Amino acid sequence: SAPDGGSASTFDFIVVSNRLPVDRVVDADGAESWRTSPGGLVTALEPVMRGADGAWIGWAGSADLEIEPFDNDDMWIIPVPLSEDEIARYYEGFSNDTIWPLYHDVIAPPSYHREWWDSYVAVNRRFAEAAAAAASDGGTVWVQDYQLQLVPKMLRELRPDLTIGFFNHIPFPAYGIYSQLPWRRQIIEGLLGADVIGFQRVADAGNFSRAVRRLFGYETKGAAIQVPLDAALVSVTTDAAPVASKRGAPYRTVIARHFPISIDSKGYQALAQRPDIIARAKQIREELGNPETIMLGVDRLDYTKGIGHRLKAFGELLAQGKLAVEDVTLVQVASPSRERVETYRQLRDDIEQTVGRINGDFGTIGHTAIQYLHHGYPREEMAALYLAADVMLVTALRDGMNLVAKEYVAARYDNDGVLVLSEFAGASDELKQALKINPHDIEGMKSAILQAVHMTKAERGRRMRALRKRVMEYDVARWSASFLDELQRVRDQSPTIEQG
Ligand code: GDG
């Protein structure tokens, strides 16, 4: 719902994320409109937004766009502008070339540039100010992801009356890696401005708590971190000396624990059950020449996803004659991603060279080993691909959760299909009946692929039914409800200022 006058602080519930959940569409006549992007987060939060007088704050996706807040399908949208320079430094630089590789265990080397950090601080402040201006008295603000880690503290300084949540969609690394970051203290102080900090895995929350203890010496009890009240006011732009928590000093309790994200499972299943999608899945099989086995990979073209490791295993199986192109096809969707970041350009070249070699070495006139698709596809086509695939390969070297694994399971209403899943994806904690692999162990991955290809229908059904039980039950609505319940619980424990 729209606020009176537009600028009043009227929203009880605000989501803040780097990117808005809507895309600007300009038609042939130059008229602009907005289309809601079909992400799980939007699906999960739409009912909460409608029920609670909600707003979403984020960037609209193009440079230097100044757009007035507007109503979109009962959700108030508050755009935050970014300049070309900020896109280069805050977004492509600090977010995607410093934090992203660092938090994924330095699979690619992170770059540390002071100008990128300065831009990150400035943009985080802009988001915090937008939230401070929009939130109602005593309202709730939920900040999303690694691009906005300083917002919780900045927002708390501006609006101590608010309840603030933060969810980290990517892993949080072990201290030995995290400690590389020149601004390691400021980032943690930024996050500790929240009342609840959510992570994907138990291990991520543990890594965070250990970093807090190592850098600040604060006491932690299970998920609870005791943040001394005076420390909560240290500026995020200075590297202040450690403040050890003294018994008896007043502190705020911050909860850091895991809330594994999920998908709109019922929605995904319903999509896969549509007659046109089922027909398309059949057509995909036919177009591929009805091979005995279709294997599928679906990833943003990102070095965290282990695409190269997967191709290596597949190529070796073909070379050793354990698989043949007449029987097996690998469909690899690699959707374009972060193409202005050099590491990603290099990755694309490497992957495409490997695909070319494997296809050249093993292909025949009638059979191509790998169908490589460097495109984004509509959700409908993704669902059809999941239905058509006998074996789904999720071989990430490090991944916060990996929603593709859950989408594959949700799509398989027929209780068939085998999921090969990396233990380094967060989904591995929940999807216990998948065939687990360590993608660095190429021999192990090859055995798992062969096991998947040769698995009996009975075993496939048994495993898939168990996987589906989990994914259908723990959907994204349950995820957001459990996070927001925890936030509510913390708020109800007010006054948050406690004597230890
Ligand atoms: C981050 C974390 C965490 C991909 N290509 C196309 C397409 N997709 C969709 C998939 C899936 C989503 O994008 C990708 O989600 P993932 O979870 O697999 O990976 P990230 O993008 O790295 O997401 C991750 C997630 O945040 C949520 O917290 O799970 O660990 O890295 O939904 O289906 N969708 C369409 N066309 C494509 O070509 N329509």
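Descriptive notes on the structure:
- Shown for region 34-86: the carbon plus sulfur share of the solvent-accessible area, taken with all protein chains present and a 1.4 angstrom probe, equals 48%.
- Cut-off 13 Å between beta-carbons: net charge of the residues surrounding Val202, Lys and Arg +1, Asp and Glu -1: 0
- The alpha-carbon of Lys312 sits under 17 angstrom from the alpha-carbons of these aspartates and glutamates, leaving out residues fewer than 8 places away in its chain: Asp299, Asp302, Asp349, Asp350, Glu352, Asp361, Asp441, Glu443.
- Checking the cross-link pairs Lys305/Lys436; Lys266/Lys446; Lys282/Lys457 against a 25 Å limit on the alpha carbon distance flags Lys266/Lys446 as lying beyond it.
- Share of carbon and sulfur in the accessible heavy-atom surface of region 264-350 [1.4 Å probe, %]: 47 percent
- Average accessible surface for region 29-136: 40 Å² per residue, computed with a 1.4 Å probe over protein heavy atoms with every protein chain in place.
- Degrees, to the nearest 10: 202-216 long Cα axis against longest axis of the chain: 40 degrees
- Leading residue at positive end of dipole, the chain (Cβ point charges), from Ile107, Leu150, Ala132: Ile107
- Table column - 3J(HN,Hα) (Hz), region 91-102, Karplus curve with 6.51, -1.76, 1.60, x for Gly and Pro: 8, 5, x, 4, 5, 9, 10, 10, 5, 4, x, 4
- Residues whose amide H comes within less than 5 Å of that of Asp12, counting only those at least five positions distant or on another chain, are Ser136 (H built at 1.01 Å from N in the peptide plane).
- Panel note: the C-alpha atoms of the chain, placed on their principal axes, show extents of 70, 54, 42 Å (largest first).
- Accessible carbon and sulfur surface of region 104-235 relative to its total accessible area, %, 1.4 Å: 53 percent
- Amide hydrogen proximity for Leu82: with H placed 1.01 Å from N in the peptide plane, the residues at 5 or more positions away or on another chain lying under 5 Å are Asp64, Leu65.
- Accessible area expressed per residue, region 371-500, with surrounding protein chains retained (probe 1.4 Å, Å²): 41 Å²
- For region 46-204, Kirkwood radius (reciprocal of mean inverse C-alpha pair distance, Å): 16.4 Å
The values are calculated or read from the model by the stated rules, or taken from the named source; none is laboratory data. The shown structure was predicted, so the numbers you read here are calculated from the model rather than taken from an experiment. A quick note on method: Cβ atoms are made from the backbone with ideal geometry, for glycine too, and the neighbour counts reach across all protein chains shown. Accessible surface areas use protein heavy atoms only, side chains included; no ligands, DNA or RNA. Shrake-Rupley method; radii C 1.70, N 1.55, O 1.52, S 1.80 Å.
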